[in-house]
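Where a number appears in this text, it was derived from the coordinates with a stated rule and is not lab data. Small disclaimer: the values here were computed from a predicted structure and weren't measured. Methodologically, a virtual Cβ is constructed for each residue, glycine included, from the backbone with ideal geometry; neighbour enumeration extends over all protein chains shown.
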Amino acid sequence: MEYVETQGDSVEEAIEKALKILGAERDQVEVEVVAEGKKGLFGFGAQRACIRASVRRPLAAAEEKGEEERNAVAERGKDALAEILRLMGVEATVEVKPGGAPEEVVLDIHSGEGGLLIGHRGQTLEALQYLVTRIASARRGDEGVQLVLDTEKYGERRRRSLEDMALRLGEKAKRQRTTVSVDALTAADRRIIHAVLQDDPWLTTKSLGTGPYRRLLIIPEGARKRKESDKPD
């Protein structure tokens, strides 16, 4: 992902949305203001603020170190996955591919047992991904590398499913005026949901927890504003 373009009622709000999608802190991101935004008069002529944001390129040494770390985790993950598949009696090969973000590494399984490996609603593949991640990222400092398991392009179908779920839960949050929680999402899954809901002015998304699997909250903006307004001065 080279950059993301986001909008908001203010430049600050647009930047906050971009940080969520990129999974980065403010000091790690370069921001280009496309439009400052304006309120207009009596609601006419209003214009939303728009920015482009991209993660700053790390120094060469840090980048090289990060690449070495990703390669090491990828190899441990590939070996662990191959052994697990062997113990399961599944004949397969594992191909290492780059993911959709710098910290992601895809372990693509080539096998005639795709349905078995995916399981009901992807539960088997998710369980394998969790297990392989725990094995491969057991060393300190490996937490920033995200392993993603895939087979038979299940990841593309998973993306579409997450996009549909995000829209459905977003409507539920607005309709019921209550925060909706989605548990145990990977960084890749959270980015998909953040991206789908980022331009909805009535919703805010927020990640909670630590580690590779975290909760994601879909917050109706009105409920959040009421809560903030109820705080004592």
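The figures follow:
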| read-out | value |
| --- | --- |
| Cβ-Cβ FRET estimate between GLU16 and HIS110, R0 fixed at 41 Å, reported to 0.05 | 0.50 |
| Given charges at beta-carbon only (K, R positive; D, E negative), |dipole| of the stretch 97-208 in Debye | 420 debye |
| Difference of contour (0.36 nm per residue) and Cα-Cα distance, LYS97 to GLU171 | 23.1 nm |
| Fewest-first ranking of HIS120, HIS194, HIS110, using other Cβ atoms within 10 Å as the exposure measure | HIS120, HIS110, HIS194 |
| Ranked list, fewest to most other Cβ atoms within 10 Å of each Cβ, for THR210, THR93 | THR210, THR93 |
| Cβ-based exposure ranking for LEU85, LEU167, LEU208, LEU107, in which fewest neighbours within 10 Å come first | LEU208, LEU167, LEU85, LEU107 |
| Amide N proximity, the stretch 195-216 versus ARG48 label position 7 Å along Cα-to-Cβ, cut-off under 19 Å | 195-206 |
